[in-house]
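First the structure, in the form of structure tokens, and then the observations on it.
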Amino acid sequence: MSGPCKRELVLALRPSCRGIAYVLFRGPGSPVQWAVKDVRGGATDDVRFSAMRKIVDEHQPDVLVLEDCTSTDARRGKRMWLAQQKVETYAISQTIEVCCYSRKRIRECFKPHRAMTRYEIAKVIATQIHALSHRLPPVRKLWMDEDSRMGLFDAASLVLTHYWDGSQPPSERRASHGT
């Protein structure tokens, strides 16, 4: 990963059917906090939004990074998309910059590392960010459910893509800015 070194707080949220994974970074190789929060209560978009809003309020980031659910390669359900739209609107109202990256853009970021699948990207992240290396789940077999820890690496891939894309103007990053 190359690009400008920013010292701002960058938070990535990655909702899933089980909960919300998040990572908070202070710089490209400096994770501050990470967790996977279970979401109870029917997992409606309102419940997910409330959980994500609480994480945003708790950490007060300078930048919020999300997956671009509008891209053609996005595989997100409508409830995930609605919750993410709500948290994006909320962050903008709190004057937090919001950047969204597609899975395609993330793969382009990790292409120099020969990592194209989510697991290969997670392995690259685990080798570069030692604080997360112990969280790398084993390779998933076809009959296995996805390990919830993969959400952490999905969120980290969003943050690292943000840092890598930092030299591009926000309009090319599909960014939204608070006023």
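A few remarks follow.
- Within the shell of other residues whose beta carbon sits under 11 angstrom from the beta carbon of Ala126, the net charge comes to +2, with Lys and Arg scored +1 and Asp and Glu -1.
- The stretch between Ile92 and Glu58 holds 10.7 nm of extra length on full extension. This uses 0.36 nm per residue minus the Cα-Cα distance.
- Taking label points 7 Å from Cα along the Cα-to-Cβ direction, Asp38 and Asp145 give a separation of 1.1 nm.
Rule-based calculations on the coordinates, nothing more; no lab input. Here the structure is a predicted model, which is why all the values come from computation and not from measurement. Cβ sites come from the backbone with ideal geometry, for glycine too, and all protein chains shown count toward neighbours.
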